[in-house]
1. Translational diffusion coefficient, Stokes-Einstein: compute it for the chain using the Kirkwood radius over C-alpha pairs as Rh, at 4 °C and 1.567 mPa s, and state it as an integer in µm² s⁻¹.
2. Please state the charge dipole magnitude for the chain, taken about the Cα centre, from unit charges on C-beta atoms (+1 on K and R, -1 on D and E), reported in debye and rounded to the nearest 20.
3. Let me have the relative contact order for the stretch 1-73, percent, based on Cα pairs under 8 Å that are six or more residues apart.
4. Picking from Leu60, Leu21, Leu36, which is most flexible by a Gaussian network model of the chain using Cα springs under 10 Å?
5. So which residue, out of Ala67, Ala11, Ala26, gets the largest mean-square fluctuation from a GNM of the chain using Cα contacts under 10 Å as springs?
6. At a 1.4 Å probe radius, carbon and sulfur cover how many percent of the accessible area of the chain?
7. Return the calculated 222 nm mean residue ellipticity for the chain, to the nearest 500 deg cm²/dmol, obtained by summing -39500 (n - 2.57) across DSSP H runs with n ≥ 4 and dividing by the residue count.
8. Can you work out the accessible area per residue across the chain, with the rest of the protein chains kept in place, probe 1.4 Å, in square angstrom?
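The values are calculated or read from the model by the stated rules, or taken from the named source; none is laboratory data. Note that the structure is a prediction, hence the values are computed from the model and not measured. As a convention, Cβ positions derive from the backbone with ideal geometry for all residues, glycine included, and neighbour counts pool all protein chains shown. Protein only, heavy atoms only, side chains kept; ligands, DNA and RNA dropped before computing areas. Shrake-Rupley method; radii C 1.70, N 1.55, O 1.52, S 1.80 Å.
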Amino acid sequence: MTDDAVMEIDARGLLCPLPVLRIIKAMRDIAPGNCLRVRTDDPAAVIDVPHYCHEHSHTLVTSSENADGSSIFLIRKNV
């Protein structure tokens, strides 16, 4: 892991709602102010992950798409 992430989830191969459920579980284990990196190839994640962050008052620091169609999200836990 690099950047600010203290934990990383590889959710490639999982479809909605599993990537977000994995995020919810992981966020319980990190302290506020720390970041979680999520890798997923679920097409719905580009909608689901930002929505999750907004609904749970976390910050979506970055999101990017790779050439293979997977996405990487960096989420900062705020509460």
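1. In µm²/s, the coefficient rounds to 106.
2. 280 debye
3. Relative CO of the stretch 1-73 lands at 33 percent.
4. Leu21
5. Ala67
6. Heavy-atom surface of the chain belonging to carbon and sulfur, 1.4 Å probe: 52 percent.
7. -8000 deg cm²/dmol
8. Each residue of the chain exposes 58 Å² on average to a 1.4 Å probe.
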